[in-house]
Amino acid sequence: MTVNVNGTVSLTGKLADHTPITASAPLSKLNLWPVFAQLYNLKGSIAGMAALSDASASNEDVAGTNLLWFRPDPVPLVEVQWYKHGWPGGITVDLNGARYVIPPTMPLPTPSVFPGLGAVNAGTGNATLTLTGGLLNPETLSSNINIALTNVVTNAPVPATPALLAASPTMLITRASGLFTGTFTHTDLTKPAFQGVIIQKGSKKGGSGYFMSRPTPLNGLGESGKVQVLAK
C-alpha cells in the first residue's frame, strides 16, 4: 500500500481466499480513503472506508472496520477448489496496516525487519509460527522458529507440537518489501504454500497471512487457513 505525493492511495495484495486485489482512490482532507475493488470477473467486490494517520510507534497507520466483501455463487470455474458457493450475501472484514521501515545497513549489526525480536535461541527460538484452520487436524499447529538479524528463518530444535515437527515448515522473509512466504506439510499430507506481510507496529504487530488447503482429490471443499508469526 502506497500513499503517493498527489494524495492517491494505491493498494495491491491478495485476499484470504487467494484472490488478487488492486484498489486506488484519492485520500480525503480528513485522511479517509474509500476502498473499492471489483472482483471475480466483476461479479463480486470489496468496499469500505479506511482511515490513514502517521501514528505513534505503538499504533497502526491504517485502520478500516467492517469492509463489505462479496464473493458470488457460483464463483468462476478457476475458483471452485475453495468456497465454491462464495458468500453472495457479503461478509465483513477489517483492514489494518502500518508504515514499513527498512533498517539502515549501518552501523552493524543491522536489525531484522521483523519487530520485537529477542536474541536467537537454539533451543526454543525467538518467535512462533502458528497455522490455524484450513482443514488442519488438529486445527492449530504451532512451532518455535528463529529469525536472525539477517532475516533468515530456521526451525528451533524444540517444536511446540510434535505434529508441526513432521510438517517441516520453511519460511523466507523479503527484506525490501516485508512480505514472507513459506511451505509446510499439511496434516492431509499435501504441501500448501503460505504467504503474508510483516506489520511492524500496532495491535497486529508481527506477521499475518494465509494458506489454502489442497485436498486430494480436488473436491471443491478446500478452505483458507490463518498464518501468524509473533516474536517471543
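Between the amide H of residue 223 and those of 213, distances stay under 5 Å, these residues lying 5 or more places away or on another chain, with hydrogens modeled in the peptide plane. Under the shape rule built on the C-alpha gyration tensor, where the axes satisfy a ≥ b ≥ c, region 2-97 is prolate, since a/c reaches at least 1.5 and a/b is greater than b/c.
Suppose R0 equals 30 Å. What FRET efficiency, 1/(1 + (r/R0)^6) with r the Cβ-Cβ distance, do residue 140 and residue 29 give to the nearest 0.05?
Efficiency, from the Cβ-Cβ distance: 0.10.
Less than 5 angstrom separates the built amide H of residue 201 from those of 206, all sequence-distant by 5 or more or on a different chain. Along region 169-182 the Karplus relation, 6.51 cos²θ - 1.76 cosθ + 1.60 evaluated at θ = phi - 60°, assigns HN-Hα couplings of x, 10, 8, 10, 9, 9, 4, 5, 10, x, 7, 9, 9, x Hz to successive residues, with x for each Gly and Pro. Other residues within the sphere of radius under 15 Å centred on the Cβ of residue 3, judged by their own Cβ, net out at -1 (K and R +1, D and E -1). Along region 96-107 the Karplus relation, 6.51 cos²θ - 1.76 cosθ + 1.60 evaluated at θ = phi - 60°, assigns HN-Hα couplings of 9, x, 8, 4, 9, 10, 8, x, x, 6, 9, x Hz to successive residues, with x for each Gly and Pro. If R0 is taken as 22 Å, the Cβ-Cβ distance between residue 185 and residue 122 corresponds to a FRET efficiency of 0.40. Taking a point 7 Å out from the Cα of residue 6 in the direction of its Cβ, none of the residues of region 45-62 has a backbone N less than 11 Å from it.
Kindly flag which residue pairs out of 29/226; 29/205; 43/84; 14/84; 84/201 have an alpha-carbon separation exceeding 24 Å in this structure.
Where the Cα-Cα span goes over 24 Å, the pairs concerned are 29/226; 29/205; 84/201.
The overall shape of the chain, judged from the alpha-carbon gyration tensor, is oblate: a/c is not under 1.5, and a/b is no greater than b/c.
Panel values: region 80-209, Kirkwood radius from alpha carbon pairs, Stokes-Einstein at 4 °C and 1.567 mPa s, translational diffusion coefficient 79 µm²/s.
Using Cα pairs closer than 8 Å and at least 6 residues apart in sequence, work out the relative contact order for region 127-231, in percent.
27 percent
Taken together, the values in this text are just the output of simple stated rules run on the coordinates, not laboratory data. On a predicted model such as this, the values are computed, not experimentally measured, just so you know. Every residue, glycine as well, gets a Cβ built from its backbone with ideal geometry; the counts of neighbours run over all protein chains shown.
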